[in-house]
Structure formats: structure tokens, C-alpha cells
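Asker: Starting off with a structure, shown below.
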Amino acid sequence: MKINYVLFSTTLTGGVRVLLEIANGLVSRGHEVTITSIGSPDDHKWFPLKAKINYVPSNKLVRRIESGLNKILGIKVYPYSEIEKLARLIPDCDINVATFCLTAFSVFRSGKGVTFYHMQHYEPLFFNDTYSKKLAEETYYLPLNKIANSIWLKNLMKEKYGYDLPIVNPAIDHNVFYPRNAQKTGNKFRVLCFGKQTRWKGFPEALQAMELVMKKRNDVEFIAYGMERPSYKSSIPYTFIKSPSDDELAKLYSSADVMICPSWYESFPLFPLEAMACGAPVVTTPYGTEDYAFHEKNCLVVPPKDPRALADAVLRLLDDEDLREEFKKEGPKTARQFTWDKTVDRVESLFKHAISTNEKAGA
């Protein structure tokens, strides 16, 4: 098959990693895969991409205007010219896959291939203003074959739009994420968290929860990691590790006594599953982790936006060595069920079925 994926960016995010891993898997199976994206060749240097890639240069002037209007007036400027350029750059293909709300318009307008929309979140949640939310929502009415990446997203789309969508779960690299013999400095319990400025990622709640934990115990250290240190003020000291490599991250997970995910909502976040694979006991919120996070079986699940509940769960794990050991055994068992081979199997099957159905309809 000739398969094209349209991305809004190829810079490092969990969602982009998933799509590029799938593209590589399809290439390895003999398919001709192209990535069409806004950006430049430097953007994907972090990933060993096997697929061919074509870039639409980002309009830097528009980006500066957009940033200024956002800050001053709260007005969103959309890259309409780039959406059109993406549509025109899409090569002839059998399968044409949108991966973000704005790229859905590019795929639909291109008129090329059997069209798909590989959804990785409910994207109206990404925006603050009503206009932007509605624009994102419009894409769900486009006649594209839609894929959900999680039970949460599948159920949400069924509830809101009546769609019964197939699920394609992401996966993790088990050659990287597995329990390591990581050494800690000192004898304090280590609590780990992914830290990001994006509000719905819940880092302020993590800070509030850890303040409560540290009021109860003086034998705990808090470590966060991510691309950039969040600017939220903290009443507690914590270490921030900037841009760890996958190998460094696996060692960090393996050293953690507790890994917390305080997000308000996610759609199959990778980092709790990576932590489970490395044997870290996990405390997470629901709404996007239901595919692998099972309360009191392999982790603890707490309500979002509730620092007290998060703190209580962390304290429970720190107090209960048997429960921590149980999760250290069950987490890797769960994680091993999510492999890239299974993910690519599912994608390949959906694409072949769509082509076959399209051919029969045209016969």
C-alpha cells in the first residue's frame, strides 16, 4: 500500500512518537509510507524515521502574528495557507491519514486516497476559546474513517456523535522500557512526575499533593522531568530533569518508588505505561488510562483535580511495601501486552479492509 500521514508537526511529543513508530512499522512490512508535515527536516532528527518525509515550511511571520494576537487580544490566527499547502503536497496514495484537527481539513480537501483520521485525543479540549473548540469539533463531521486511540476516546465519540470507532492502542519500546537496576543517591523514597506547563496536565495538583505528602513524611524526594521546567510556584523543593533520553528515563522510572500522573484527562498517555514497564508503582487519574490502569490491581486510580486524593494514594503506597511490590510485578505484566507489532497489525488490517470496501463500493 501507498500510505500517507499528515502531521501538523514532527517535533518531539508522545503523539508524534506514536505516529512515527507506526509509520516505521508499516515501512518494515513493505509499504510505501510518506509523512507530510509542516516544519523542517531538523524537527524529526530525534527519531530514526524510515518513511519518506515532505515538509511545508512554517510561515514564521504568521506564527509571530499569531503569538502576538494570542497574548494581547486572545485572538487565534489559523495557518490556513499552510493547511492548503499540506493538501497540495500530499502525494498520490492508497491511504491518506489525518492526525490532528487542522490536518483533517488538509486530508479531506486533497481528494487523495481512502481517508482516515487517527485521533489521539478529544481535541476541543486543547483550546480555550469557543471558536477554536468549534473548529476542532467540525472535523468530527468530516467523512473520514475515524480511529480512536483509547477506550475513553471511543466512548466519548460514541456519546457525543454516535460513532462506534475501532481502537488502535499505542505501545512502548520494550527494548528500552523494562526494570533496571537503578541506584538512588540517599535513602529517601522517590516520587516521580512528568512536568509540563500545559494546565490540564495537572502539574499544580502534583505540587499541592506533594506538599501534603511532605507534611506527613520527611523521607520523600520529588523529581519531575520534561522538556522545560514548568513555571508554577512550589512551596516544596523538587528536582527537575530536562529532556532525559529514553534510556535515562527508563532508569529514572526504575528508581521511582511511586510514579504519579495527575492529568485532568488524557487519551492513552505513554508515560504511566512506560513507568509500569519499568516496575514503578503508579498512581494515575482516569479518563484516558482505562486501557491499562486498573485500580488496586496494577496501580491506584484517583479523581483528577483532587490533590488530597492524590496525596493519600502516594502515602498509601509509601506506607505499604507489599502493595508496592505487587504493583512492581503486575505493572510489567500489563505493559508487555502493548507492543508495536500489535499496533501495526491493527492499523494494517483497518487500512486493507477500507481499501477492499472502497473497491467493492466502486465496482
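The values are calculated or read from the model by the stated rules, or taken from the named source; none is laboratory data. Owing to the predicted nature of the structure, the values given are computational and were not obtained by experimental measurement. Cβ atoms come from the backbone with ideal geometry, glycine included; neighbour counts cover every protein chain shown.
Asker: Determine which member of the set Ile53, Ile22, Ile3 is part of a helix (DSSP H, G or I) and more than 14 Å from Phe100 (Cα to Cα). Before the answer, list the steps.
Answerer: Details: Ile53 fails: part of a helix (DSSP H, G or I); Ile3 fails: part of a helix (DSSP H, G or I).
Within the list Ile53, Ile22, Ile3, the selection yields Ile22.
Every residue, every condition in (1) at pLDDT below 95; (2) of a type in the set (A, V, I, L, M); (3) closer than 20 Å to Pro286 by Cα, yes or no:
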position: Tyr140; (1), (2), (3): no, no, no
position: Asn149; (1), (2), (3): no, no, yes
position: Leu153; (1), (2), (3): no, yes, yes
position: Met157; (1), (2), (3): no, yes, yes
position: Gly186; (1), (2), (3): yes, no, no
position: Cys193; (1), (2), (3): no, no, yes
position: Phe203; (1), (2), (3): no, no, yes
position: Leu212; (1), (2), (3): no, yes, no
position: Asp219; (1), (2), (3): no, no, no
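Asker: Does Gly39 qualify as being buried (at least 16 other Cβ atoms within 10 Å of the Cβ), in the same structural domain as Asp129 (by TED's automatic domain parsing) and at pLDDT 95 or above? Break it down stepwise before answering.
Answerer: Working: buried (at least 16 other Cβ atoms within 10 Å of the Cβ): yes; in the same structural domain as Asp129 (by TED's automatic domain parsing): yes; at pLDDT 95 or above: no.
In short, no.
Asker: Now for a separate question. Which one of these does Leu249 not meet: (1) within 30 Å of Met157 (Cα to Cα); (2) within 17 Å of the chain's Cα centre (by Cα); (3) not in a loop (DSSP other than H, G, I, E, B)?
Answerer: Evaluating Leu249 over (1) within 30 Å of Met157 (Cα to Cα); (2) within 17 Å of the chain's Cα centre (by Cα); (3) not in a loop (DSSP other than H, G, I, E, B) leaves (1) as the failure.
Asker: Can I ask one more? For Lys329, indicate whether it is surrounded by fewer than 15 Cβ atoms within 10 Å (Cβ to Cβ), in the same structural domain as Gly226 (by TED's automatic domain parsing) and either modelled with pLDDT under 95 or assigned to a loop (DSSP other than H, G, I, E, B) (or both).
Answerer: Values: surrounded by fewer than 15 Cβ atoms within 10 Å (Cβ to Cβ): yes; in the same structural domain as Gly226 (by TED's automatic domain parsing): yes; either modelled with pLDDT under 95 or assigned to a loop (DSSP other than H, G, I, E, B) (or both): no.
No, not satisfied.
For (1) within 17 Å of the chain's Cα centre (by Cα); (2) assigned to a loop (DSSP other than H, G, I, E, B); (3) farther than 24 Å from Thr185 by Cβ; (4) not assigned by TED's automatic domain parsing to the domain that holds Leu310, each residue gets a yes or a no:
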{"residue": "Ser254", "(1), (2), (3), (4)": "no, no, no, no"}
{"residue": "Ser267", "(1), (2), (3), (4)": "yes, yes, yes, no"}
{"residue": "Pro272", "(1), (2), (3), (4)": "yes, no, yes, no"}
{"residue": "Gly279", "(1), (2), (3), (4)": "no, yes, no, no"}
{"residue": "Tyr287", "(1), (2), (3), (4)": "yes, yes, yes, no"}
{"residue": "Tyr292", "(1), (2), (3), (4)": "yes, yes, yes, no"}
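Asker: Then there's this: So is Asp247 over 30 Å from Met1 (Cα atoms), surrounded by fewer than 17 Cβ atoms within 10 Å (Cβ to Cβ) and either in the same structural domain as Glu32 (by TED's automatic domain parsing) or of a type outside the set (A, V, I, L, M, F, W, C) (or both) or not? Write out each step before concluding.
Answerer: Values: over 30 Å from Met1 (Cα atoms): yes; surrounded by fewer than 17 Cβ atoms within 10 Å (Cβ to Cβ): yes; either in the same structural domain as Glu32 (by TED's automatic domain parsing) or of a type outside the set (A, V, I, L, M, F, W, C) (or both): yes.
Taking the combined requirement at face value, the residue satisfies it.
Asker: Could you list, in sequence order, all residues of the stretch 180-231 that are touching a residue at least 12 places away in the same chain (Cβ under 8 Å), of a type in the set (Ser, Thr, Tyr) and surrounded by fewer than 14 Cβ atoms within 10 Å (Cβ to Cβ)?
Answerer: Selection gives Ser231 alone.
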